[in-house]
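Read the structure below first, then the notes.
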Amino acid sequence: FAACVLPVAAWSQQVSGRFSFVPSSGGLNLYIGNNPQVCDTLLVRPGASWGELISLPEEDGATTPAAKDRWFRQRVIDWARTEPLDFLAGLARKAAQLVSSRELPRNLDVYLSRRWSMLMQALVWKVGPFGFPFGALLPLAAVGVVMAWRRLGAPLLLYLAVTSAAVLLVFVSARYRVPLVPALAVAAAAGVVAVTEAVREARRTRVALAA
């Protein structure tokens, strides 16, 4: 890992003055999902309003990518420190969005793309508040985590926890939630196996737990 990321970080230091292997947009994304006007910042799309948002640090003299990144991060830290209840309420709201069965759009909407793909029409759809496939994947994965956590192993569970926390810390959208899907699929498969075994062995308590 270090062999891959350290040269990138060193190159970033040369070009932007910022020793980091992650994009300089990290602070901006963090700010978009964590600020007193979060509903407004989440609705900003490419165009004039986006230009106004990303130029906010320049009003305080932050002109380099590294300085802008620090400016946005500091705004989030200041808000969390001065309004901790609002910050926590925002995390709770994002937690509800993370487990939503529907795919939340950003500037791209997967549901719109269904018009031109028969495959997507079959595999991605929603009926009322229920969305497929996440509405089936997540409950089965939860069953797998509860009933087969030993079988899944610590690395997969740790990945689910850390990746979920990373999404919650920024903001939730369909494309940011996608990295969870492979691990959730493994957990969901374990959930199906665990339920099948419980039914076969007539273990009613475990079946009830799964339900």
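Looking across the range 1-54, just one residue is in a loop (DSSP other than H, G, I, E, B), open to solvent by 30 Å² or more (accessible area, probe 1.4 Å) and among the β-branched types (Val, Ile, Thr), and that is VAL22.
None of ARG175, ARG204, ARG200 is among the charged types (D, E, K, R), within 27 Å of the chain's Cα centre (by Cα) and open to solvent by 70 Å² or more (accessible area, probe 1.4 Å) except ARG175. For the range 72-124, the helices (runs of 4 or more DSSP H) that sit wholly inside it and include 1 or more residues that are of a type in the set (Gly, Ala, Ser) and surrounded by 11 or more Cβ atoms within 10 Å (Cβ to Cβ) are 84-98, 110-113.
Using the structure shown, decide if GLY61 is more than 26 Å from PRO105 (Cα to Cα) and open to solvent by less than 70 Å² (accessible area, probe 1.4 Å). Yes: the conditions hold for GLY61. When we screen GLY131, GLY135, GLY144, GLY153 for residues that are of a type outside the set (A, V, I, L, M), open to solvent by less than 40 Å² (accessible area, probe 1.4 Å) and in contact (Cβ under 8 Å) with a residue 40 or more places away in the chain, the only hit is GLY144. Could you tell me whether VAL199 is part of a helix (DSSP H, G or I) and in contact (Cβ under 8 Å) with a residue 24 or more places away in the chain? No, not satisfied.
The values are calculated or read from the model by the stated rules, or taken from the named source; none is laboratory data. Quick caveat: nothing in here was measured; it's all calculated off a predicted structure. Positions of Cβ are backbone-derived with ideal geometry, glycine not excepted, and every protein chain shown enters the neighbour counts. The protein model used for the area step is the full one, side chains on, heavy atoms only, and it has no ligands, DNA or RNA in it. Shrake-Rupley method; radii C 1.70, N 1.55, O 1.52, S 1.80 Å.
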